[in-house]
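Colleague: Have a look at the structure that comes next, please.
The values are calculated or read from the model by the stated rules, or taken from the named source; none is laboratory data. Owing to the predicted nature of the structure, the values given are computational and were not obtained by experimental measurement. Cβ placement follows ideal geometry from the backbone for every residue including glycine, while neighbour counts extend to all protein chains displayed.
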Amino acid sequence: MAYIILQSKHQRIRPLLSSKLTKLLKANKRNVKIKDVDAKGNPLPNATISIQQKQSSFPFGCAINKNILNNNAYKNWFTLRRFTVTTFENEMKWYRNEANQGKEDYSVSDAMLQFTKQHGISVRGQPFWVKSLSGQ
């Protein structure tokens, strides 16, 4: 049995997440009946059937952080889960790539992008808010 935990700091968002999740599960979940038969259509007694999903038909993923670059267990866990999309926790945010004004460093985010590209995992960005760009 799989459990899905909805987390949100804002109580008013939880019903919306729950509603979207219910629609997603309903649209992507089907009952399937599998019957193993011989060439004449007769059921095969005591047949063992094994099914493994190779790829999901909809985007599925989780966030990753820079620790994945130097941690093989983390890399294996992430890539073996068959995720198709990810987002970086902080590594693509302005304050991480320009910790000191005027000194940009994209080496960590570039390495993470290379890692995800090697494994065929798409990366989506995150929105950001800026109070003012006028230097105040």
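Colleague: Which number in (1) among the small types (Gly, Ala, Ser); (2) out of contact with any strand residue (DSSP E or B) (no Cβ under 6 Å at 6 or more places or on another chain); (3) modelled with pLDDT of 90 or more marks the one condition that Gly135 misses?
Modeller: (3)
Colleague: Still on this structure, please answer the following. If a residue must be loosely packed, with under 13 Cβ neighbours inside 10 Å and more than 15 Å from Gly125 (Cβ to Cβ), how many such residues does the stretch 59-70 contain?
Modeller: Total meeting the criteria: 3.
Colleague: Of the residues that sit in the stretch 61-87 and are among the charged types (D, E, K, R) and at pLDDT 90 or above, which one is nearest to Lys117 (Cα to Cα)?
Modeller: Taking the stretch 61-87 and keeping what is among the charged types (D, E, K, R), we get 66, 75, 81-82.
Now drop any that are not at pLDDT 90 or above, which leaves 66, 75.
Details: Lys66: 15, Lys75: 13 Å.
Top of the filtered list is Lys75.
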